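Structure, as structure tokens:
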Amino acid sequence: MAKLRAGVLISGRGSNLQALIEAAADPAYPAEIVLVISNRAEAQGLQRAAEAGIPHEVIAEPDRTAFAAATDAALRRHRAELVALAGFMRLLDTGFVKAWRDRMINIHPSLLPSFPGLHPQHQALAAGARFSGCTVHFVRPATDSGPIIAQAVVPVHDDDDEERLAARILAQEHRLYPLALRLYAEGRLRIDGKRVIVAGSKPPEIAALNPAP
Ligand code: GAR
């Protein structure tokens, strides 16, 4: 079967992009990355795209509408069917979000709807949460809202700082994003209002307490 053609938008390090590249290297993986777009020329993720032989572009247009138009044109040129935001740190034009509705996904380093926006790991620590994690969701105009596809949970440790918690979450992001993209590419996601029904999936059997009893 033809693979789903995904475009990935990044702003920086690109470790989630790398996880997607590595997943897509498996011939059995149902999606391929056809284009990487960065809004910052110095993004390390561009190097990762280059090393993987994936077409990549910098679109550093400061005007939000012009950025959206150029990005949309590039995605269409490469016949992208899905947009994956992977550490993309710029607000997107509402028209663009609407045009890609149900065809654009994002990863965020918290258990949404808790801690949307900037510095979610700091927000989790400041709130005293004993678990945090990451979320892959469909993109809607309001920041970090949108139907949730998949989440991974990590414990918060008493001696965590923002950096340690972020690293623990990031390791799970690298598992979660390839899983979510695969489910999308396999046509297993059905959006029902705020909820996403995942065909043929089962929840884990465990529940966790923190502190452990
Ligand atoms: C990741 O933790 C991602 O979840 C987060 O930025 C980091 C990017 O890392 N995204 C957001 O906060 C979006 N609101 P990466 O460039 O190494 O993938």
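Let's see how each residue does on (1) among the aromatic types (Phe, Trp, Tyr); (2) more than 12 Å from the ligand (Cβ to nearest atom); (3) in a strand (DSSP E or B); (4) surrounded by 17 or more Cβ atoms within 10 Å (Cβ to Cβ):
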| residue | (1), (2), (3), (4) |
| --- | --- |
| Val8 | no, no, yes, yes |
| Gly12 | no, no, no, yes |
| Leu17 | no, no, no, yes |
| Leu35 | no, yes, yes, yes |
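Mind listing just one residue for me: the one in the range 19-29 that is surrounded by fewer than 19 Cβ atoms within 10 Å (Cβ to Cβ) and of a type outside the set (Gly, Ala, Ser) and, of those, farthest from the ligand (Cβ to nearest atom)?
Here the answer is Pro27.
Here is a list: Leu111, Leu125, Leu91, Leu183. Which entry is within 11 Å of the ligand (Cβ to nearest atom) and of a type in the set (A, V, I, L, M, F, W, C)? Talk me through it step by step, then tell me what you get.
Details: Leu111 fails: within 11 Å of the ligand (Cβ to nearest atom); Leu125 fails: within 11 Å of the ligand (Cβ to nearest atom); Leu183 fails: within 11 Å of the ligand (Cβ to nearest atom).
The match here is Leu91.
Give all pairs with beta carbons closer than 8 Å in which a residue from the range 37-53 that is in contact (Cβ under 8 Å) with a residue 60 or more places away in the chain and closer than 14 Å to Ala19 by Cα meets a residue that is outside any loop (DSSP other than H, G, I, E, B) and within 12 Å of the ligand (Cβ to nearest atom); count only pairs at least 6 apart in sequence or on separate chains.
Note: no pairs meet the criteria.
How many of the residues in the range 37-57 are closer than 22 Å to Ala69 by Cβ and either more than 13 Å from the ligand (Cβ to nearest atom) or acidic (Asp, Glu) (or both)?
5
Based on this model, can you work out whether Arg130 counts as away from the ligand (no atom under 12 Å from the Cβ), surrounded by fewer than 18 Cβ atoms within 10 Å (Cβ to Cβ), of a type outside the set (S, T, N, Q) and touching a residue at least 40 places away in the same chain (Cβ under 8 Å)?
Values: away from the ligand (no atom under 12 Å from the Cβ): yes; surrounded by fewer than 18 Cβ atoms within 10 Å (Cβ to Cβ): yes; of a type outside the set (S, T, N, Q): yes; touching a residue at least 40 places away in the same chain (Cβ under 8 Å): yes.
Yes, satisfied.
Output the number of residues of the range 37-79 satisfying the condition of being in contact with a Gly (Cβ under 7 Å, 6 or more places away or on another chain), among the aliphatic types (A, V, I, L, M) and farther than 24 Å from Pro141 by Cβ.
Residues flagged as in contact with a Gly (Cβ under 7 Å, 6 or more places away or on another chain), among the aliphatic types (A, V, I, L, M) and farther than 24 Å from Pro141 by Cβ within the range 37-79 amount to 1.
Any residue in the range 138-147 that is exposed (fewer than 14 other Cβ atoms within 10 Å of the Cβ) and not hydrophobic (A, V, I, L, M, F, W, C)?
So in the range 138-147, the residues exposed (fewer than 14 other Cβ atoms within 10 Å of the Cβ) come out as 142.
Add one more test, that the residue is not hydrophobic (A, V, I, L, M, F, W, C), and what stays is none.
No, the range 138-147 has no match at all.
No lab work stands behind these numbers, since they all come straight from the coordinates. Remember, it's a predicted structure, so these values are computed and weren't measured experimentally. Cβ atoms come from the backbone with ideal geometry, glycine included; neighbour counts cover every protein chain shown.
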